[in-house]
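The next block holds one structure in the form of structure tokens; read it before the comments.
The values are calculated or read from the model by the stated rules, or taken from the named source; none is laboratory data. Here the structure is a predicted model, which is why all the values come from computation and not from measurement. Virtual Cβ from ideal backbone geometry, glycine too; neighbours counted across all protein chains shown. With ligands, DNA and RNA removed, areas are computed over all heavy atoms of the protein, side chains included. Shrake-Rupley method; radii C 1.70, N 1.55, O 1.52, S 1.80 Å.
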Amino acid sequence: MAKIQNISDIHPTLGFTEFDILEKYRKSFNESELGRLHSVFPFEVMAKNMGLSENRLGRRNIFSPSAKIAIMVLKAYTGLSDRHLVEHLNGNLHYQMFCGIMIDPSSPITNYKIVSAIRNEIAARLDIESLQEVLATHWKPYLENLHVCMTDATCYESHMRFPTDMKLLWECLEWLYRHICRHCKKLDIRRPRNKYADVADTYLSYCKKRKASRTRMLKRRMIRLLEKLLMQMDEIHRDYGAVLQYTQDYQKRLSIIRKVLVQEKEMFEGRKVSDRIVSVDRHYVRPIVRGKETKSVEFGAKVNNIQINGISFIEHISFKAFNEGIRLKNCIRMQQKLMKVRVTCAAGDSIYANNANRKYCTKYGISTSFVRKGRAAKDEHMRKVLRGELSRERAIRLEGSFGTQKQHYSLSRIKARNMKTEILWIFFGIHTANAVLMIDKIRTRTAKTA
């Protein structure tokens, strides 16, 4: 008998008393916010769209395709770590009903890494555009003002230490030296001589004192040592390459370190570097200059969002800096594709108010929140009122949604380990925040029609 089963499979096997208690739990689940959140998502359609299906061969999977998506939503909603989420799932019947499973208390889930495995599986299949079309179709009947497009960009930061050249160089040196020692021990050969111990002591002293006058001198030593360690590693590979086994991650990390060395040498000589690497682990992250008072530079994914009646959709996501001001046309086209309604009003901050966007909006009769250029029109007073209303709504709703997502849906410091899972983390964080707003919209619309 399976230890974990779908609730629908075990209903006929329950006695009257147990079935009655389960029905009471189900009724309380449907009346709770968690139950209403579950009803907002079309889990089966999303699973089918992503190509998730049950394995016909082998051991039966604990989570069904729709349950895999549900547990990603549950993680974004609760903000729990993978381990704590599994612990709560074992003891919380509402969480189990949200995922559509029933766990035997005597045989709980002990492998908390199952959440990470599901996240990797879904991340490999994630298609943001098609999934957002599914969600937009499902939510459209409950949305208003479909002709108004609001857009803005924000950065969802990755969970990483603040990058400096010294930290980055030390990470590379430490990894190279550790693997050189490991190779020499495995091959039973003499360890090559280098100045790693001396540089390690100097770096430790530098971290304690942090004197700016010593930075350039130590950086020169670290660059030279990194060059030497790479040469020694290449010699080991050349002489004993047939004996050693290299994983794909090992080769990738080595190629990243080589790029770091080239970039650090160029910056040391005073030249500018494009596509700069700031972390060896998250080599895809790039510095994004935001110009804020508290954070002049942020490190993570930059996302250009559109918002329709308070509901946000991802228009463009990239870990490299991009100019969101040139994407207004794409935002308007995307909203018209999702909602099947012509956009007549657009709101964005001053970076979107370039001449190309102004001409595009004038051509298609789209009113904007941009400050007017040139002579005032006859109906300037009415236009000014509309611009003020659009600007106010964008500032309150759209920019406010960024803070809500980051504070309450685990998007302040994203702890994913690779680029695909980080994008998945952002996707479910944004749309879980949307779903919570949709609960009230659905309730209001149902009350009006009743």
Practice item. Pick out the one residue from Lys208, Lys219, Lys228 that is assigned to a helix (DSSP H, G or I), modelled with pLDDT under 90 and either open to solvent by less than 40 Å² (accessible area, probe 1.4 Å) or in the same structural domain as Glu171 (by the TED database) (or both). Key: Lys208
**Study point:** Members of segment 231-265 found to be in contact with a helix residue (DSSP H, G or I) (Cβ under 9 Å, 6 or more places away or on another chain), among the basic types (Lys, Arg) and either outside the structural domain of Ala200 (by the TED database) or open to solvent by 80 Å² or more (accessible area, probe 1.4 Å) (or both), listed by number
**Key:** Arg258
Check your understanding: What number of residues within segment 320-346 are more than 25 Å from the chain's Cα centre (by Cα) and either within 26 Å of Gly300 (Cβ to Cβ) or among the hydrophobic types (A, V, I, L, M, F, W, C) (or both)?
Key -> 4
Point to revise | In segment 14-41, residue nearest to Phe428 (Cα to Cα) [restricted to those that are in a loop (DSSP other than H, G, I, E, B) and at pLDDT 90 or above] | key: Phe41
Review point. Would you call Ser279 in a loop (DSSP other than H, G, I, E, B), open to solvent by 50 Å² or more (accessible area, probe 1.4 Å), among the hydroxyl-bearing types (Ser, Thr, Tyr) and modelled with pLDDT under 95?
Key: no
Exercise for review: Looking only at segment 155-191, count how many residues are buried (at least 16 other Cβ atoms within 10 Å of the Cβ) and either among the aliphatic types (A, V, I, L, M) or over 30 Å from Lys406 (Cα atoms) (or both).
Suggested key: 14
Review point. In the list Tyr360, Tyr352, which residue meets the criterion of being of a type outside the set (S, T, N, Q) and in contact (Cβ under 8 Å) with a residue 40 or more places away in the chain?
Key: Tyr352
Check your understanding: So which of Ile288, Ile314, Ile306 is more than 29 Å from Leu143 (Cβ to Cβ), in contact (Cβ under 8 Å) with a residue 40 or more places away in the chain, of a type in the set (Val, Ile, Thr) and not in a helix (DSSP H, G or I)?
Key -> Ile288
Review point. Can you tell me which of Lys295, Lys320 is surrounded by fewer than 14 Cβ atoms within 10 Å (Cβ to Cβ), in contact (Cβ under 8 Å) with a residue 24 or more places away in the chain and not assigned by the TED database to the domain that holds Leu229?
Key: Lys320
**Study point:** Count of segment 343-352 residues which are outside any helix (DSSP H, G or I) and of a type in the set (Ser, Thr, Tyr)
**Key:** 1
Practice item. Check whether at least one residue in segment 135-147 is open to solvent by less than 40 Å² (accessible area, probe 1.4 Å), within 19 Å of the chain's Cα centre (by Cα) and of a type outside the set (Lys, Arg), and report yes or no. Key: yes
Point to revise | Residue in segment 43-97 that is nearest to Gln132 (Cα to Cα), counting only those that are within 23 Å of the chain's Cα centre (by Cα) and polar (S, T, N, Q) | key: Asn49
Review point. Could you say whether any residue in segment 71-80 is closer than 25 Å to Pro141 by Cβ and without any contact (Cβ under 8 Å) to a residue 24 or more places away in the chain?
Key: no
**Study point:** Condition met for Ile423 (under 30 Å from Ile122 (Cα atoms) and among the β-branched types (Val, Ile, Thr))
**Key:** yes
Practice item. Answer yes or no as to whether Ile103 is over 21 Å from Trp425 (Cβ atoms), surrounded by 15 or more Cβ atoms within 10 Å (Cβ to Cβ), at pLDDT below 90 and not assigned by the TED database to the domain that holds Asn309. Key: yes
